[in-house]
Structure formats: C-alpha cells, structure tokens
Amino acid sequence: MKVAPSFLLRWLSLVAGLLVALTAAPVSADSAKPVLLVGFQDQTLPETVAASKVLEGAPYEVQWVTLTGPAAQLSALYSKAIDVGHMGDTSLIIEQGKAKEDWTSGSVPLQIIAGWRTADKKYPPIVTVARAGAGIETLADAKGHSWANNFGGYNYLQYVLSLVKAGLTEKDIEAVRLADTTTSAAAFNAGRVDLFSGSTLGVVDTIEAGKAKVLVNSDELDIPALNVFAARGDVLRDAAKHAQIADFLSRLKAYWAWYPDHRPEIEAIFVEKLKQTAQRAKYVAAFQQSSFVVLDEALIEREQHIAEVLLKAGVIARKIDVAVEFNRDFNASAAAQR
C-alpha cells in the first residue's frame, strides 16, 4: 500500500492548522448564550441549515467547525475541540475495534446520537467504481490495479467489502490510501488510480461523463451508509449539553421537513456560495435530501454484522459489542417516521 506524499503533507498541514485554531475556547457573539460546537465535513449542511432558519431562537449558539474526513472529526472530538462530530456509521466500529481497553456503558468515549441518509434508492451513498478503459468490467478484474480508498469510515468499509466480494485481498491489488474521500476521489477523477471506493458525490461527474463504471454500491453490500453525529461521553453526561443536543436534533428534524420544498433555493446556495456548477448542485441537492432514522435494534444488528465481517477480514483485532456505540436518548428528538 502506498500513500502519495503530496496528499499526506496536505493532510497533515490541514489538520495541524485546524486543530491549533480550534484550541481557543469559543466565544458566542451573544455572551449570554452557551455554545454548541458541531463538526461537519463540508459546508453543505451549515449553509442550508442557516437558510432554513430552524436554529433561530435557540437558547444556545451553534458554531459549525469544518473538518474534512472522519479522522479529523475524531481527533477534534478526542481533543475536546468540538462537542459533536460528523462521520459515517462504521467509524466507531473501527475505533472500538482498535481500542486498547474494552468499551463499556460506563467507559465508552464516543457514541452515535443520530443518523440520516437519503431514502431514494437512485442515490446510493457509496460506490466502488472503475475507470473506463482500465480493463475492469467486474470486481474480480481489479487484481493488479491501483485502488484509492481512505481509512476510518463507511468509505473504508465499502472498500473492504468490495475486496471480499471480489475474492481478493490487499496483496492482490495496489492499495492507495489517502487522507479522505475528497483526495481519493480527486486521484480517481484525474486518472491517477484505476478504482475508487467512497462517496458517490466525489465521482458523479466522472460517472455521468461515461468515464467511470459503477461496479457495486453500498446498498448491494448491505451497508447502512448513514451519516451520523457522534458525541463524547463527558458531553452526553453534562445535563446542559444533553439538553442542547436534544433541541439541536429536533431543529434538524424540522430542517429535513423543510428541505424538499426548497430544492431550488438549496441548489442556488450550492452554486453561489459553494461554487458548484448548476448540474452538480442539482445532483448534490437530490443526493442530500435525507431524514433521520431510528437508532433501533434492527440497525444495531446490521452494524454488529458489519463488525463481524471486519473482524474476519482482519480490519479489527477483536470481537466487539456494537450496541454500546449507540446512544438512543435522542430518538424522540431526531428520528423521523419511516
């Protein structure tokens, strides 16, 4: 496996700079209001939530912190630079699996507090794709080819399960592990690697242009592929923070209800503020139309199965209990009707 030096240096400098910036205690513009620090991996949610006005009148101030990739979100959570972080639903499986000490109900450092994804099967969250002209028609054809991926979340799970489905291991391919799905997708789109596993959004333009072929998507691999918010144990035990999070999630539930009727406005935000093309903005707006899901036993059973697969594949070193990673206190505040 190789890591491109330029990507690695970019990643290290980005994380170092952001974490230094985050070490200062946040100060609310309204000094009477406490601050809830919420990490997110891009500006799509912060910008559209602001447009929805659902946070107006909250008895606290939400400060969004943009950190790309699950590794940066996890680092910020552990360092107490943010209260709530954004990642994929499998990130904590990998964290628990590599932990030196067992995670128990009394010691669990991080827990998932809410999860969401689009219900439209037309927009699978994650894909494994091959570059057109690379001679790859099926997953089994990936042997000997370069394959971009990033560690730490459901993008990595997509990569691992794609290998398993192909009957291959990392020794059979040229694994190229990069900092996050953005850099991995950029390498694929530029033709520097032959395969990519990660967010559909990262490679949709290449797929639409006929320059890439989808080999398998997350639904076909039975990956829940949820975006999730996770919080530290000390934050969840703080009564004031707990109440802020419950209110924040209830307001985001209202945001998801607002979203479908405001797609043109959302697309305009993506074009004007995030500098996306009109075509990409339309796709991103459709892709990100989501709703919260219930953190229930059925979901936990699916996640436990994923942990068993990762154990068998050697990604995690020991058997774990996934249930401890889920905090269901906020189901009433967040979970939408199925």
Quiz item: Which of (1) under 21 Å from the mean Cα position of the chain (by Cα); (2) touching a residue at least 60 places away in the same chain (Cβ under 8 Å) is the odd one out, the single condition Ala317 does not satisfy?
Solution: (1)
Quiz item: For the subset of the range 263-274 comprising residues that are of a type in the set (D, E, K, R) and farther than 20 Å from Thr200 by Cβ, which member is nearest to the chain's Cα centre (by Cα)?
Solution: Lys273
Quiz item: Here are Ala225, Ala231, Ala209: which of them is within 20 Å of Thr181 (Cβ to Cβ) and touching a residue at least 12 places away in the same chain (Cβ under 8 Å)?
Solution: Ala225
Quiz item: So is Gly135 over 21 Å from Val284 (Cβ atoms) and of a type in the set (Gly, Ala, Ser) or not?
Solution: yes
Quiz item: Is at least one residue of the range 277-287 in a helix (DSSP H, G or I), among the hydroxyl-bearing types (Ser, Thr, Tyr) and outside the structural domain of Ser107 (by TED's automatic domain parsing)?
Solution: yes
Quiz item: Right, Val193: in contact with a strand residue (DSSP E or B) (Cβ under 8 Å, 6 or more places away or on another chain), surrounded by fewer than 22 Cβ atoms within 10 Å (Cβ to Cβ) and at pLDDT 95 or above or not?
Solution: no
Quiz item: Of these, Lys282, Lys312, Lys275, which one is closer than 20 Å to Lys98 by Cα, free of Cβ contacts under 8 Å to residues at least 24 places away in the same chain and surrounded by fewer than 19 Cβ atoms within 10 Å (Cβ to Cβ)?
Solution: Lys312
Quiz item: Which one is nearest to Thr118 (Cα to Cα) among residues in the range 290-315 that are part of a loop (DSSP other than H, G, I, E, B) and either in the same structural domain as Phe151 (by TED's automatic domain parsing) or of a type in the set (Gly, Ala, Ser) (or both)?
Solution: Ser290
Quiz prompt | Failed criterion for Trp64 (all others in (1) among the aromatic types (Phe, Trp, Tyr); (2) touching a strand residue (DSSP E or B) at 6+ places or on another chain (Cβ under 7 Å); (3) surrounded by 20 or more Cβ atoms within 10 Å (Cβ to Cβ) hold) | solution = (3)
Practice problem: Scan the range 213-228 residue by residue and report those that are in a strand (DSSP E or B), over 16 Å from Val160 (Cβ atoms) and not basic (Lys, Arg). | Solution: Val214, Asn227, Val228
Quiz item: Which of the residues belonging to the range 142-166 are more than 22 Å from Thr90 (Cα to Cα) and surrounded by fewer than 17 Cβ atoms within 10 Å (Cβ to Cβ)?
Solution: Lys143, Gly144
Quiz item: Checking His242 against (1) closer than 23 Å to Val284 by Cβ; (2) part of a helix (DSSP H, G or I), which single condition isn't satisfied?
Solution: (1)
Quiz item: Counting just the residues of the range 126-150 that are touching a Phe, Trp or Tyr at 6+ places or on another chain (Cβ under 9 Å) and among the hydrophobic types (A, V, I, L, M, F, W, C), which one comes out nearest to Val214 (Cα to Cα)?
Solution: Val129
Quiz item: Would you pick out the residues in the range 176-203 that are in a helix (DSSP H, G or I) and either under 19 Å from Gly88 (Cα atoms) or acidic (Asp, Glu) (or both)?
Solution: Thr181, Thr182, Thr183, Ser184, Ala185, Thr200, Leu201, Gly202, Val203
Exercise. Kindly list the number of the only condition in (1) crowded, with 22+ Cβ neighbours inside 10 Å; (2) without any contact (Cβ under 8 Å) to a residue 60 or more places away in the chain; (3) of a type in the set (Gly, Ala, Ser) that fails for Gly198.
Key: (2)
Quiz item: What residue, of Thr104, Thr118, is surrounded by fewer than 19 Cβ atoms within 10 Å (Cβ to Cβ) and under 28 Å from Arg280 (Cβ atoms)?
Solution: Thr118
Quiz prompt | Those strands (runs of 3 or more DSSP E) lying entirely in the range 58-175 with at least 1 residues under 23 Å from Ile223 (Cβ atoms) and at pLDDT 95 or above | solution = 84-88, 110-117, 126-131, 146-150
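The values are calculated or read from the model by the stated rules, or taken from the named source; none is laboratory data. Just so it is clear, the structure is predicted and the values come from calculations on it, not from any experiment. Heads up, the Cβs are rebuilt from the backbone with ideal geometry, glycines too, and the neighbour counts pull from every protein chain shown.
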